[in-house]
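What follows is one structure encoded as structure tokens, with my remarks underneath.
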């Protein structure tokens with residue numbers, strides 16, 4: 001049975017730096033019951049953030065969203081590779 005695999009992003013607003021940037025966290029969800037949270041290893045201006053993405057058409061917003069898309073694609077790819085070769089990967 002195949003379960004839905006999703007990657008979403010949010011800001012860790014309680015750790016906003018003096019420059020107004022907050023760390024980005026990623027949440028990998030597999031089905032309804034399996035979830036992992038990890039750091040995206042990047043900070044973004046909190047005023048550019050809305051609904052899991054940077055807003056606007058600026059170079060900064062486009063670069064942030066490009067990096068988020070790469071992280072999402074990489075996480076989903078790793079999950080597919082693991083689930084193809086191991087039986088105990090949640091699916």
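No value in this document is a laboratory result; all are computed from the given coordinates. These numbers come from a predicted model, not from an experiment. Note that each Cβ is placed from the backbone with ideal geometry, even for glycine, and that neighbours are counted across all protein chains shown.
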Select from region 6-47 the residues that are more than 15 Å from the chain's Cα centre (by Cα) and assigned to a strand (DSSP E or B) and list them in ascending order.
21, 34, 45
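Take the residues of region 33-67 that are on the phi > 0 side of the Ramachandran plot and out of contact with any strand residue (DSSP E or B) (no Cβ under 7 Å at 6 or more places or on another chain): which is surrounded by the fewest Cβ atoms within 10 Å (Cβ to Cβ)?
Here is the first cut: in region 33-67, the ones on the phi > 0 side of the Ramachandran plot are 41, 51-52, 56.
Cutting the leftovers down to out of contact with any strand residue (DSSP E or B) (no Cβ under 7 Å at 6 or more places or on another chain) gives us 41, 51, 56.
Numbers: 41: 10, 51: 8, 56: 13.
By that ranking, first place goes to 51.
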Within the set of pairs 6 or more residues apart or between chains, which connect a residue that is exposed (fewer than 12 other Cβ atoms within 10 Å of the Cβ) inside region 1-21 to a residue that is not in a helix (DSSP H, G or I) with Cβ atoms less than 7 Å apart?
2/91; 4/31; 13/22; 15/22; 15/23; 17/43
